[in-house]
1. For the range 107-142, how many residues are in a loop (DSSP other than H, G, I, E, B), farther than 27 Å from LYS237 by Cβ and not basic (Lys, Arg)?
2. Filter the range 242-258 for residues that are of a type in the set (Ser, Thr, Tyr) and under 18 Å from GLN300 (Cβ atoms) and give the result.
3. Tally up the residues in the range 250-278 that are at pLDDT below 90 and out of contact with any helix residue (DSSP H, G or I) (no Cβ under 7 Å at 6 or more places or on another chain), please.
4. Examine the range 72-80 for a residue that is in contact with a strand residue (DSSP E or B) (Cβ under 7 Å, 6 or more places away or on another chain), in the same structural domain as ILE157 (by TED's automatic domain parsing) and part of a loop (DSSP other than H, G, I, E, B), and state whether such a residue exists.
5. Taking the stated definitions as given, is ALA236 free of Cβ contacts under 8 Å to residues at least 12 places away in the same chain and more than 24 Å from TRP295 (Cα to Cα)?
6. Report, ordered by the first and then the second residue, all pairs with beta carbons closer than 6 Å, sequence separation of six or more or different chains, a first member in the range 4-31 that is loosely packed, with under 15 Cβ neighbours inside 10 Å, and a second member that is not in a strand (DSSP E or B).
7. Looking only at the range 107-138, which residues are touching a residue at least 40 places away in the same chain (Cβ under 8 Å) and among the β-branched types (Val, Ile, Thr)?
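The values are calculated or read from the model by the stated rules, or taken from the named source; none is laboratory data. No experiment lies behind these values; they were computed from the predicted model shown. Positions of Cβ are generated from backbone atoms using ideal geometry, with glycine treated the same way; all protein chains shown enter the neighbour counts.
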Amino acid sequence: MEVARAYKFRIYPDATRQEEIDERLILAQQFYNKILEKSIESHKKGKTKVSMAQFNRFVKEIIREDKKYLKLYSQTRCEIEFRLLKAYQNFFRRIKEGNKKAGFPRFRSRERYKSITYPQNNGSFSIRKGRLRVSRIGTMPIDLHRKIEGTIKTLAIKREGRNYYAIFTTINGIKIPEVKNINPVGIDLGLDSFVVISDGTKIEKPKFMQQNRKRIAHWQRIVARRNRGSKRRQRAKTHLQKTYEYSTNQSDDYLHKLSDTLVNSGYTSFAVENLHIQNMVKNHRLAGSIQNASWNRFIQLLSYKAESAGLGIVKVDARNTSKECSNCGNIQEMPLSKRTYNCQRCGMSKDRDINASINILKRATLGQRESHAQGENVRPQQEAVLEELRTDKTHPLQDAVIA
């Protein structure tokens, strides 16, 4: 089975290479906006079809008008066209779905265009003796902190604040082990406890963004005081971005470790909710907390790691998982303030999140009763891992496990 993977490494371009990268980022942003501008003008003239052939005609006109865009690698220009085409396709899809906020493709500012892509490994880039060579940019040191496995297909150069990164995508043929599904579990994601498993385990996630709130507010005030367009404002915005990135990296590191722990805990499949975050953040009182929770990111990490280990992962309908009784199927109202599910029909009393996780598991296993029973050859491994989390004071997730 062929699996796509992404590898992100820090690169250290000197001042000249930084200027080359920054110049191409600006050119790519302007090139994107030029194509979008011409497509809008074409639409006003009655030509509604959007296609790569149409974009190719626009590109020829743009290059005739200004030769500076030839500094961009030819396939990088093609990738910019694909970005815009994808934006249009998503726009038309949302219209077809009846979404009131379809989101027409927008012009990109310099701050919102942070990467350029080399979509083919055809000699446009190479790695040799700890240095990355990129066509029309030059060579620069790269921190290869782990081995790249598989065949490298693409390279993206990305700028995040003052730092630069190389992101490689690879295709790797791996053999997926066959694992008998004898220990499936359901996972409920929440704000009170980040992960609640149907076997009763609860794991909390540190609130990284809230912990850095004072630093973020400090730099937000400084940015607000600076004059627009000034170098001092740009420096302050860089500091603010760096603070946000620090919190994001903390969260990402935690989610990687948590997903690794769950995959190696002896579970043989995972059932999760098919969450629609865009609808959930319409609750303005909870929007910030929901976005900071990074539920989708966690499911993404858990999915690819579980599949690589031969474990199944199933997404189920999220409706009424908290309102339904896991014992008799009764549905009753459950405001967020009620943390215990007391069934009005059968009298069952259970933590609302554990009740929801059992419902999620039942939906994934087609309602088979007791399908979440533990296998004899799996449970000891699972207990050993969770016990290690509870007792090992140095483990990064030790403080998260509360049951």
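1. 8
2. THR248, SER251, TYR254
3. Residues in the range 250-278 being at pLDDT below 90 and out of contact with any helix residue (DSSP H, G or I) (no Cβ under 7 Å at 6 or more places or on another chain): 3 in total.
4. yes
5. Criteria not met by ALA236.
6. ARG10/ASP143
7. ILE116, THR117, ILE137
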